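Worksheet for the structure shown next.
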Amino acid sequence: KLVAVLPAADAAEAHRLAGRVHLIGDGPATPVPATVADAVAARRVLRIRYADRSGADSTRDVEPLGYLGNSRHWYLVAWCRLRDELRCFRTDRIRSVCALPDVVARELSLADLDIPHERVRPLSLV
């Protein structure tokens, strides 16, 4: 109902943003961290300090493309400039975020995710 009463440009933007959110199952019960959601919406490159599974920190410039949620965690799906490939960053392991002035030009496609397509569904505003 809310999207139906938005001006056309705002409704189109809401649908564009929803197309960047993909869920496995029902997705997590927790919200996406605001810094991640804001970066995806603003289409700005981020400099993140990220802790890997062993706790080792690294600093990376990433191009946020969307996010993916499973039953336990949210992941930032981004092009990692350090690794020069698509990576998923668990949002609870992102220690700090700084938005950079660079604009993200890449788009995320379900085909980019190495997950069986029948397990993933895009967020729907309907």
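The values are calculated or read from the model by the stated rules, or taken from the named source; none is laboratory data. On a predicted model such as this, the values are computed, not experimentally measured, just so you know. No Cβ is skipped: glycine too gets one built from the backbone with ideal geometry, and neighbour counts run over all protein chains shown.
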* Return the residue satisfying two criteria in turn: it lies in segment 10-25 and is more than 20 Å from ALA105 (Cβ to Cβ) and over 15 Å from the mean Cα position of the chain (by Cα), and of such residues it is modelled with the highest pLDDT. => GLY25
* Starting from residues that are in a loop (DSSP other than H, G, I, E, B) and touching a residue at least 40 places away in the same chain (Cβ under 8 Å), keep the ones in segment 54-87 and report whichever is nearest to LEU100 (Cα to Cα). => HIS73
* Has segment 26-40 got at least one residue that is modelled with pLDDT of 80 or more, in contact with a strand residue (DSSP E or B) (Cβ under 6 Å, 6 or more places away or on another chain) and under 19 Å from GLU107 (Cα atoms)? -> no
* To do: Starting from segment 94-114, keep only residues that are assigned to a strand (DSSP E or B), then list their pairs with residues that are surrounded by 14 or more Cβ atoms within 10 Å (Cβ to Cβ) and of a type in the set (Phe, Trp, Tyr) whose Cβ atoms are within a distance under 6 Å, requiring at least 6 positions of separation or different chains.
  => ILE94/TYR50
* Can you name the residue in segment 47-68 that is touching a helix residue (DSSP H, G or I) at 6+ places or on another chain (Cβ under 9 Å) and under 14 Å from GLY27 (Cβ atoms) and is also surrounded by the most Cβ atoms within 10 Å (Cβ to Cβ) among such residues? -> TYR67
